[in-house]
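The values are calculated or read from the model by the stated rules, or taken from the named source; none is laboratory data. This is a predicted model, so every value here is computed, not measured. Glycine gets a Cβ as well: all are built from the backbone with ideal geometry, and neighbour counts include every protein chain shown. All accessible areas refer to the heavy atoms of the entire protein, side chains included, with ligands and DNA or RNA removed. Shrake-Rupley method; radii C 1.70, N 1.55, O 1.52, S 1.80 Å.
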Amino acid sequence: MKSRLIYILTYAGMWLLASLPFWALYLISDGGYLLLRYVIRYRRRVVRTNLKNSFPEKSEQELKEIEHKFYHYICDYMMEEIKMLRMSFDELARRMEYDNKEEYLAMIAKHGGIVVLIPHYANFEWLIGMGAIMREGDLPVQVYKPLHNRYMDEMFKRIRARFGGYNIPKHSTAREMIKLRRENRHMAVGLITDQSPNLSEAHYWTTFLNQQTVFMDGGERIAKLMNFPVFYSELQRQGRGHCKVIFDLITETPQQMPDGAITECFVRRLEQTIRRDPPYWFWSHKRWKLKPSDTKHG
């Protein structure tokens, strides 16, 4: 009962906030930045440690500038996520620019689906609006990790489904995708691929941002199971409330790629994205909590 009440109050508050225009939401974000960085000091030690370890070549001043922009970005991100509750499909389509979509659509038509590997970068949540450029009847599929609170989980599923998104919990991915294929549905399957995995999912170790880092290889496994071409989602923040995405083909023939090769390609391209414009990745994540000694094959 308590969880349901919290959900109702949270949803009502977010619904009211979402009715505000973007300029008003960004005023709130500016205030939130001051609160988050200087009063709450949200995960400041984690952010600073991650930045220092990732960019040992940068000066203290350069790292502080990235930190400053990151906290501004994370507050904007929260407001932009809330805005999705009431943002129209047309407005989302205007604010997301899709590049290289001809190849993206051709691969869906040719193979029946594609896999899109997505980082926690820029306006990544807005990618669920990719249905705006897909053919009628094709599905933008999002593989997600269910939240522990079922009411909050339901709220976020509702947000993502507003724009035609088809939500699949990650433990049901293979079964659901095989079902969709039997129904002759064409799909673009989006997976967030850079989060810190659980110990049971820690399969692929590599060097990332100067550190030994483990990645999940679920996206690669799904691509090989379905034999779907794989794209990297190159996100570029174009300013507040505007984003460009380039669908960068990794491979059209995943089953011919050696094990780990697709995941490694994702890692290298993500590293390029971050180095190009560092503030817009989730530096507050405890990304390097697992060490090689924690895993059997590290």
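So which residues in region 1-42 are more than 21 Å from residue 95 (Cα to Cα) and of a type in the set (Phe, Trp, Tyr), if there are any at all?
7, 11, 33, 38, 42
For region 119-131, how many residues meet the condition of being modelled with pLDDT of 90 or more and open to solvent by less than 10 Å² (accessible area, probe 1.4 Å)?
4
Quick check on region 159-202: of everything there that is under 23 Å from residue 104 (Cβ atoms) and of a type in the set (S, T, N, Q), which residue is nearest to the chain's Cα centre (by Cα)?
By that ranking, first place goes to 193.
Looking at this structure, is residue 104 aromatic (Phe, Trp, Tyr), at negative phi, modelled with pLDDT of 85 or more and open to solvent by 20 Å² or more (accessible area, probe 1.4 Å)?
Criteria not met by residue 104.
Test residue 274 against the stated conditions and say whether it is under 30 Å from residue 25 (Cβ atoms) and at pLDDT 95 or above.
Here the answer is yes, as residue 274 does meet what is asked.
In this structure, is residue 24 in contact (Cβ under 8 Å) with a residue 60 or more places away in the chain, open to solvent by less than 90 Å² (accessible area, probe 1.4 Å) and of a type in the set (Gly, Ala, Ser)?
Against the criterion (in contact (Cβ under 8 Å) with a residue 60 or more places away in the chain, open to solvent by less than 90 Å² (accessible area, probe 1.4 Å) and of a type in the set (Gly, Ala, Ser)), residue 24 does not qualify.
Residue under question is residue 145, and the condition is that it be out of contact with any strand residue (DSSP E or B) (no Cβ under 6 Å at 6 or more places or on another chain), farther than 27 Å from residue 184 by Cβ, open to solvent by 50 Å² or more (accessible area, probe 1.4 Å) and at pLDDT 90 or above; does it hold?
no
Is region 91-100 home to any residue that is on the phi < 0 side of the Ramachandran plot and free of Cβ contacts under 8 Å to residues at least 24 places away in the same chain?
Yes; the residues of region 91-100 include at least one that is on the phi < 0 side of the Ramachandran plot and free of Cβ contacts under 8 Å to residues at least 24 places away in the same chain.
Counting only residues that are open to solvent by 50 Å² or more (accessible area, probe 1.4 Å) and not aromatic (Phe, Trp, Tyr), which one in region 73-98 is modelled with the highest pLDDT?
Among those residues, the one meeting the criterion is 78.
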